[in-house]
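Below is one structure, written out as structure tokens; comments come after it.
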Number of protein chains: 4
Amino acid sequence: MEGIAIMTSGGDAAGMNPAVKSAVDYSISKGLKPYLIRDGLRGMIDGDISAATREDVSGILHRGGTVLRSSRSKRFFEYEYRKQAYDNLQKLGINKLIVIGGDGSFAALNQFYADFGVPFAGIPATIDNDIPGTDYCLGVDTALNMIRDSVDSIRDTATSFNRAFVIETMGRDCGYLAMVSALSSGAEICIVPELEYDLDAIGQRLRKDIENGRSSILAIVAEGTNMAEYLTRWITVNLNMETRLTVLGHVQRGGSPTVNDRIMAYKFSVAAVDSLLAGHTNKIMVFREGQLGALDIETVNSSKVELDPQIIDLCGHLTK
Amino acid sequence: MEGIAIMTSGGDAAGMNPAVKSAVDYSISKGLKPYLIRDGLRGMIDGDISAATREDVSGILHRGGTVLRSSRSKRFFEYEYRKQAYDNLQKLGINKLIVIGGDGSFAALNQFYADFGVPFAGIPATIDNDIPGTDYCLGVDTALNMIRDSVDSIRDTATSFNRAFVIETMGRDCGYLAMVSALSSGAEICIVPELEYDLDAIGQRLRKDIENGRSSILAIVAEGTNMAEYLTRWITVNLNMETRLTVLGHVQRGGSPTVNDRIMAYKFSVAAVDSLLAGHTNKIMVFREGQLGALDIETVNSSKVELDPQIIDLCGHLTK
Amino acid sequence: MEGIAIMTSGGDAAGMNPAVKSAVDYSISKGLKPYLIRDGLRGMIDGDISAATREDVSGILHRGGTVLRSSRSKRFFEYEYRKQAYDNLQKLGINKLIVIGGDGSFAALNQFYADFGVPFAGIPATIDNDIPGTDYCLGVDTALNMIRDSVDSIRDTATSFNRAFVIETMGRDCGYLAMVSALSSGAEICIVPELEYDLDAIGQRLRKDIENGRSSILAIVAEGTNMAEYLTRWITVNLNMETRLTVLGHVQRGGSPTVNDRIMAYKFSVAAVDSLLAGHTNKIMVFREGQLGALDIETVNSSKVELDPQIIDLCGHLTK
Amino acid sequence: MEGIAIMTSGGDAAGMNPAVKSAVDYSISKGLKPYLIRDGLRGMIDGDISAATREDVSGILHRGGTVLRSSRSKRFFEYEYRKQAYDNLQKLGINKLIVIGGDGSFAALNQFYADFGVPFAGIPATIDNDIPGTDYCLGVDTALNMIRDSVDSIRDTATSFNRAFVIETMGRDCGYLAMVSALSSGAEICIVPELEYDLDAIGQRLRKDIENGRSSILAIVAEGTNMAEYLTRWITVNLNMETRLTVLGHVQRGGSPTVNDRIMAYKFSVAAVDSLLAGHTNKIMVFREGQLGALDIETVNSSKVELDPQIIDLCGHLTK
């Protein structure tokens, strides 16, 4: 039986566990022998690889994070360690790889493919939703609903007082989490890297609202803008309202995968196994316009992240 | 200012409240004067209609059900009562309608349009996800995640004993909720109207699993199959396992809307207002292949519900 | 090192897992060697017992149900199998037992103590809260909050229509879950074994409320009264309101333990280990008037369950 | 009919809404006429007071925060404004007050009683659980379970990497939230104002754990210690582990009240109305040793906060 190894790599995201489970189950049904690599690239180098048992993957699909664990390994940049990883796979008869992670991980596996010809299939997973070529990355829906819970809770307090709250979500270069959260929580302000903002206009709009009876303000700010603390002081001074800052932090990462993340995990992992069985060597699974597909890694790398234009449009009035 | 009235009709679904809020907010931004109709068609007949205030729609987007309330009104089948409804709208200067509900409600409004020429836009909302022409109806994602919570909780108990659980979800003619829930909860059996099942084959498969150490079984059954009680006895006798039935019931309907239902509510309601402003008279908003669109009500009525073929495919092995 | 074995027995309840973890951790800190018995009494008979490792109990405290699993074993009623269980303990040097479960399990262990002199400490755990001598049993708070989530969700739908809902909670002879749930959900009717009810009076009260504008009714019924279906028809006919029944079932049992159940699990298990170290042979841990204590099993057996009189008092007006 | 007015004051806490609802319902059943004061002391001064309607309090018991809203009013320190507040009450025939809040609010009402002889009953509500004389304050259980959700989510991520997390909870002078959260989340470190800590000992203990395979660390720190940032750096350097800080912030305040907070709200508010009907003039409701009671405000003021000694004991090993 041909061996296929599954790993998670990069930042953890909800949906990784159901993807692992589904990849194992579907591999078996297709006559492959699935293996699990622990700790991502580190485990590949150090040979932390074992045949997948039913126990390994039963009872994991509702759990957050990744039971295979992840890591960031600098050693994998060196040929010597990649060779060591290759030898580990050879010994176990593994000639196919599935990697669940982000574009850094895909690039590493692509280099590995260039070196040793071991084909891989990539499953996009990151709560930032910033992998080019796909509209959806595993973990995004769960992260958004975790943020929803936090923001709804803060809203309870905000409406109990005359008070403003600034909430910082994750997202370095991509404001997707912040934009969707701003819309879905009914926020009054949204500051993200993708959109220009006009504090003067925001101030005018909200002062008018306050005159008309508004007593609380919610602002959602993407981490990458570094604007959270500034905006907190700005509201305090310019809108004359007691203002509190909450940095949501790692609470956003965990949580039991939502139904959507579980289903997408199934679809992506079935597609990944099928891609390898069809002889594709280095495709990334993608979801575009409601359809599953696969793209060459070169196409992914040369693409830009395209945000849902309707989301951008709907957020426009929160920036001015 | 032109008046536009918003109502919810038919069975309640999460997402109705954010749709109402967004329709009101967006109507104002477009220079329309929004009204709210209470209790659906009943309120239209009885004139339970008032201009929407900020208080009406602030603080509702995270609430389940519908604050406008709904009803089933037989009187609306009679011309006399529809005429009365029309007079109510006339008095208030309302010449546009948005109805959030199912196909029965759309048909009623279409008859109203035929009678009096008041254009409407329909927003599909039903947890059954069984409105033709659209891949998504408001409320489905929230219902699925409510079911997830219940099934994950039952799974806790199932794995604590040697025990089987049969769980009945809502869904008269459509097994969508049951199929997606079966996949996302890792169930072993799924019985829905759309798929044939083979109990002998299921028995063989699971007896083998039990020999290999399986100690709990989860079966998801759609209400419309009327199979829940039969299957409970069948498992007890044929797999020799203590088996319990849980009928999830109305727990599935409520709950705070998920982020996806809030965002879809926004998109649908913006599209509905735009459709009316563009002069369309009786379009239903739809979501297909990841894109928002609008269909003539005749097209919707003459279409069939098409389930995601991949979901059907993935469920196949749970029916035999 | 002296061996101490920990088991869960009877119906599963949230809080069992943190109790197991804490019993293991505290036993180690006291110089004991902890063992885990799988599947309750069955595992004791069949020797399914192993030394507890850190892996066994790490990452379990937030999980519902019991990872040690439970069972109902008739064989334990026979001396021959108890002897076999005793031999299993002897071989491993186990001379102390902690059992987390209900009074049936305590009685079994007490017989075992009478036979072979192996002392045990009992930790009360059952969502029914019906073990005499203690105000609190592990699992009750989590069950109540699971019911809260379900009832709050149903309330969303109830207030969207003119509709009544009858909700059946678990509880054979004890209406504690139903009473507390009725109060905490603001129900209008509560039917439990402990309280007489007067449907005529209830009808009068609610008809008056309906005249004054009440549009939805919530009734909570304890399983043990067998009244759920009758009441559903009764409301339909007598209050002329569409009425739906939801039997909550096993959803109530699972779910991640609440903070209170985790903390009580810690307190109970520390007290259980201390009780055994102090030389007590067959005490049951109890929580009364806000204080932890321990009672002889005879005292427990000869006691009656005493419900919080204030809860009964507050529920009084929901029965007439 | 005698008028009784109900207000919430100070920081908001879950349980305030069910307390308001219950105070209104119970007052009516006792023949009193309930009024609601908005925005706490501010509304009393400005006459923002109205007779309570059924609509005001229906559908609020599952909502977080306080629908009556709260404020901090410096004007109430001046006799002139208190006189104005008194005149407002006089006009409406209000001669009894219930205040749901913290000790600052109780002191204000006691001064008001000294000035004008209007008796009041206080209901302790603050998530800090730091009001002397009572073991429990409304809001604490909900806050603890909100923290649980956040910490369990962070734990998902922590176990996916070799990583440490420092989590700061609210609590200025009182480490109750932090201590209970540390225990219930299985944290390895707990830093609170009440307990001395020994970083050297902590370092030794955890380095040994890490040698034995521990790969993640969770530390809970009370806000009042100002230790969160320092500890984050300390772990990074001394345990050589990537360490992240999350300040939970206002997420802890909101959320739907737990069953315990709803039931305690009922008990406290019934007791408060009864206290006033019995002729007591300035009692604070308390919960001690599992029993409801009432204390003179002087006794409360001269008491010290006494933390559950068992919680302190169980936390001891997390400080060294």
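Among the residues of the stretch B:216-254, those identified as more than 17 Å from B:LEU199 (Cα to Cα), in contact with a helix residue (DSSP H, G or I) (Cβ under 6 Å, 6 or more places away or on another chain) and of a type in the set (Gly, Ala, Ser) are B:SER216, B:GLY254. Considering the stretch C:41-114, the qualifying helices (runs of 4 or more DSSP H), each wholly inside and each with 3 or more residues that are open to solvent by 20 Å² or more (accessible area, probe 1.4 Å), run over C:54-57, C:79-92.
D:PHE165 fulfils the conditions (1) modelled with pLDDT of 95 or more; (2) not in a strand (DSSP E or B) except for a single criterion, (2).
Just so you know, in the stretch A:115-135 the residues that are in contact with a Cys (Cβ under 7 Å, 6 or more places away or on another chain) and assigned to a loop (DSSP other than H, G, I, E, B) include one that is farthest from A:LEU292 (Cα to Cα), and it is A:ASP128.
Pick out the one residue from D:THR142, D:THR169, D:THR159, D:THR126 that is under 25 Å from D:GLU194 (Cα atoms), in contact (Cβ under 8 Å) with a residue 12 or more places away in the chain and open to solvent by 10 Å² or more (accessible area, probe 1.4 Å). Don't jump to the end; show me each part of the working.
On the way: D:THR142 fails: open to solvent by 10 Å² or more (accessible area, probe 1.4 Å); D:THR169 fails: open to solvent by 10 Å² or more (accessible area, probe 1.4 Å); D:THR159 fails: under 25 Å from D:GLU194 (Cα atoms).
Answer to the selection: D:THR126.
Which of the residues belonging to the stretch A:285-304 are closer than 25 Å to B:ASP135 by Cα and either touching a residue at least 60 places away in the same chain (Cβ under 8 Å) or among the β-branched types (Val, Ile, Thr) (or both)?
Of the stretch A:285-304, the ones closer than 25 Å to B:ASP135 by Cα are A:285-295.
Residues satisfying the conditions are A:MET285, A:VAL286, A:PHE287, A:ARG288, A:GLU289, A:ALA294, A:LEU295.
When you scan the stretch A:44-52, do you find a residue that is over 20 Å from A:ALA265 (Cα atoms), of a type outside the set (Phe, Trp, Tyr) and within 14 Å of another protein chain (Cβ to nearest Cβ), even just one?
Going residue by residue through the stretch A:44-52, those that are over 20 Å from A:ALA265 (Cα atoms) are A:44-51.
Next cut, of a type outside the set (Phe, Trp, Tyr) only: A:44-51.
Narrowing the set further to residues that are within 14 Å of another protein chain (Cβ to nearest Cβ) leaves A:46, A:48.
For the stretch A:44-52, residues over 20 Å from A:ALA265 (Cα atoms), of a type outside the set (Phe, Trp, Tyr) and within 14 Å of another protein chain (Cβ to nearest Cβ): present.
Given the structure, is C:SER71 at pLDDT below 95 and within 23 Å of the chain's Cα centre (by Cα)? Judged against the criteria, C:SER71 is a match. Among the conditions (1) aliphatic (A, V, I, L, M); (2) assigned by TED's automatic domain parsing to the domain that holds C:GLY31; (3) under 21 Å from C:TYR176 (Cβ atoms), C:LEU318 misses just one, which is (2).
Please enumerate the residues belonging to the stretch A:159-171 that are closer than 30 Å to B:LEU144 by Cα and within 8 Å of another protein chain (Cβ to nearest Cβ). Full working, then the answer.
In the first step, residues of the stretch A:159-171 are kept if they are closer than 30 Å to B:LEU144 by Cα; the result is A:159, A:167-171.
Of everything in the stretch A:159-171, just one residue is closer than 30 Å to B:LEU144 by Cα and within 8 Å of another protein chain (Cβ to nearest Cβ), namely A:THR159.
Among strands (runs of 3 or more DSSP E) entirely within the stretch B:221-317, having at least 1 residues that are within 14 Å of chain A (Cβ to nearest Cβ) singles out B:282-288, B:291-296. For the stretch A:119-169, what are the residues that are hydroxyl-bearing (Ser, Thr, Tyr), within 21 Å of B:ILE263 (Cβ to Cβ) and touching a helix residue (DSSP H, G or I) at 6+ places or on another chain (Cβ under 6 Å)? Result: A:THR142, A:SER150, A:SER153, A:THR169.
Picking from residues in the stretch C:224-250 that are among the β-branched types (Val, Ile, Thr) and open to solvent by 10 Å² or more (accessible area, probe 1.4 Å), the one that is nearest to D:VAL259 (Cα to Cα) is C:VAL247.
Only a single item in (1) over 25 Å from A:ASP296 (Cα atoms); (2) modelled with pLDDT under 95; (3) surrounded by 15 or more Cβ atoms within 10 Å (Cβ to Cβ) is not met by A:SER29, and it is number (3).
Answer yes if at least one residue in the stretch A:255-278 is at pLDDT 95 or above, touching a strand residue (DSSP E or B) at 6+ places or on another chain (Cβ under 7 Å), more than 30 Å from A:LEU61 (Cβ to Cβ) and hydroxyl-bearing (Ser, Thr, Tyr), and no otherwise. Checked the stretch A:255-278: no residue is at pLDDT 95 or above, touching a strand residue (DSSP E or B) at 6+ places or on another chain (Cβ under 7 Å), more than 30 Å from A:LEU61 (Cβ to Cβ) and hydroxyl-bearing (Ser, Thr, Tyr).
Taking the criterion of being of a type in the set (Phe, Trp, Tyr) and open to solvent by 10 Å² or more (accessible area, probe 1.4 Å), the only residue of the stretch C:251-274 that qualifies is C:TYR266.
The residue of the stretch A:23-40 that is farthest from the chain's Cα centre (by Cα), among those that are in a loop (DSSP other than H, G, I, E, B) and closer than 16 Å to A:VAL270 by Cα, is A:GLY31. Kindly indicate whether C:LYS21 is away from chain B (no Cβ under 14 Å) and either surrounded by fewer than 21 Cβ atoms within 10 Å (Cβ to Cβ) or within 18 Å of B:ASN162 (Cα to Cα) (or both). No. Any chance the stretch A:279-294 includes a residue that's among the acidic types (Asp, Glu), in contact with a strand residue (DSSP E or B) (Cβ under 9 Å, 6 or more places away or on another chain) and open to solvent by 20 Å² or more (accessible area, probe 1.4 Å)? Yes, because at least one residue in the stretch A:279-294 is among the acidic types (Asp, Glu), in contact with a strand residue (DSSP E or B) (Cβ under 9 Å, 6 or more places away or on another chain) and open to solvent by 20 Å² or more (accessible area, probe 1.4 Å). Only one entry in D:TYR176, D:TYR136 is touching a Pro at 6+ places or on another chain (Cβ under 8 Å) and either at negative phi or open to solvent by 10 Å² or more (accessible area, probe 1.4 Å) (or both), namely D:TYR136.
From B:ILE60, B:ILE94, B:ILE100, grab the single residue that is within 14 Å of chain C (Cβ to nearest Cβ) and either more than 30 Å from D:GLY59 (Cα to Cα) or at pLDDT below 95 (or both). Walk me through how you get there before you give the answer.
On the way: B:ILE94 fails: within 14 Å of chain C (Cβ to nearest Cβ); B:ILE100 fails: either more than 30 Å from D:GLY59 (Cα to Cα) or at pLDDT below 95 (or both).
Criteria check complete, one pass: B:ILE60.
Scan the stretch C:185-208 and give yes if some residue there is within 14 Å of chain B (Cβ to nearest Cβ), open to solvent by less than 40 Å² (accessible area, probe 1.4 Å) and either part of a helix (DSSP H, G or I) or not polar (S, T, N, Q) (or both), otherwise no. No. Any residue at all in the stretch B:7-14 that's within 14 Å of chain C (Cβ to nearest Cβ) and open to solvent by 60 Å² or more (accessible area, probe 1.4 Å)? Among the residues of the stretch B:7-14, not one is within 14 Å of chain C (Cβ to nearest Cβ) and open to solvent by 60 Å² or more (accessible area, probe 1.4 Å), which makes the answer no.
The values are calculated or read from the model by the stated rules, or taken from the named source; none is laboratory data. Source: prediction; values computed, not measured. Glycine gets a Cβ as well: all are built from the backbone with ideal geometry, and neighbour counts include every protein chain shown. Accessible surface is based on the protein model in full, side chains and every heavy atom, while ligands, DNA and RNA are left aside. Shrake-Rupley method; radii C 1.70, N 1.55, O 1.52, S 1.80 Å.
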